[in-house]
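First up is the structure itself, then whatever we jot down about it.
The values are calculated or read from the model by the stated rules, or taken from the named source; none is laboratory data. Keep in mind that this is a model prediction, so the values were computed, not measured. For neighbour counting, all protein chains shown are included, and Cβ atoms are generated from backbone atoms with ideal geometry for every residue, glycine included.
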Amino acid sequence: MFKKVILAASLALSAGCATVPITGRRTLSLVPESEMNTLAVTQYKQTLTTAKLSTNAAEVAQVRRVGQRIQAAVEQYFRQQGQSSQLDGYAWEFNLIDDPKTVNAWCMPGGKVAVYSGILPLTRDDAGLAVVLGHEISHAVARHGAERMSDQLALQAGTSVLSSALSQNPTVTKNLFMQAVGAGSQVGLLKFSRNQESEADHLGLIFMAMAGYNPAAALPFWQRMAAQSQSSTPEFLSDHPADATRIADIQRLLPEAQKYYKPR
């Protein structure tokens with residue numbers, strides 16, 4: 001294990017890095033974004049093939065309406081920063097999965113979004129849904145999945161060349177990818193770190209505000225999630241704890257996010 005830690009440290013020094021938008025945090029990036037996007041296309045198609053897509057026209061329209069407004073805000077932000085190339089390879093999709101027992105949503109690299117119908121009673125309206133989609137899309141544009149996958153590859157690859165590990169072990173690559181992006185319902189998924197969760201909250205509040213949704217809606221949403229966790233633990237909460245620290249952090253971030261908010 002010690003040798004693997006040393007290897008991981010060496011790789012971190014020699015490998016490329018990425019920078020998280022808005023926060024400016026530097027991250028380890030051993031997996032090219034193009035590779036992540038390719039994996040996302042494959043896994044997203046497989047998910048939609050096995051899932052039951054919602055036929056509720058109003059709810060499907062809501063998911064796509066809110067999602068596309070967040071998408072436009074993200075694209076606007078990167079365009080204003082002169083960094084539109086950061087979204088190269090994005091082919092946005094927004095789908096609602098008919099699963100009232102699953103309280104969850106996620107966004108794979110490349111803008112592949114899935115919302116489970118079980119979360120809609122908690123989001124309640126467009127602003128509540130914007131909290132969720134802003135947060136999940138922020139995980140993708142901050143490349144948290146690539147960061148998590150890079151961390152795991154660095155520790156698991158041993159003396160193997162990482163590129164070989166990706167190409168020669170497709171099953172391992174798939175499992176690492178699904179864990180890294182927080183998709184699916186497998187037991188034992190890697191959790192986003194507190195730092196990544198905080199970043200996704202930070203970016204998500206700004207993106208939803210830029211999209212014309214009041215970021216203050218984040219507080220009652222997370223309070224509802226906290227209340228829900230008293231009786232059960234939705235899958236969404238396994239990666240996204242709705243604790244007092246998170247709610248306090250959101251309160252601290254709101255003044256900055258409000259500067260971007262223009263009601264529509």
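Looking at THR19, THR27, just one residue is under 19 Å from PRO109 (Cβ atoms), modelled with pLDDT of 80 or more, surrounded by fewer than 16 Cβ atoms within 10 Å (Cβ to Cβ) and of a type in the set (Ser, Thr, Tyr), and that residue is THR19. If you filter the stretch 105-129 down to residues that are under 22 Å from ASN214 (Cα atoms) and either in contact with a strand residue (DSSP E or B) (Cβ under 8 Å, 6 or more places away or on another chain) or of a type in the set (S, T, N, Q) (or both), you find that the one that is surrounded by the most Cβ atoms within 10 Å (Cβ to Cβ) is CYS107. Looking at the stretch 48-63, can you tell me whether even one residue there is more than 20 Å from the chain's Cα centre (by Cα), under 28 Å from ALA257 (Cα atoms) and of a type in the set (Asp, Glu)? Yes; the residues of the stretch 48-63 include at least one that is more than 20 Å from the chain's Cα centre (by Cα), under 28 Å from ALA257 (Cα atoms) and of a type in the set (Asp, Glu).
Among the helices (runs of 4 or more DSSP H) confined wholly to the stretch 79-157, which include 1 or more residues that are closer than 19 Å to ALA61 by Cβ?
Values: elements: 120-123, 126-141, 144-156.
Here the list reads 120-123, 126-141.
Within the span defined as the stretch 72-87, one or more residues are at positive phi and not hydrophobic (A, V, I, L, M, F, W, C). Filtered by the rule that a residue be farther than 17 Å from ALA142 by Cβ and crowded, with 19+ Cβ neighbours inside 10 Å, the stretch 63-92 gives VAL63, VAL66, GLY67, ARG69.
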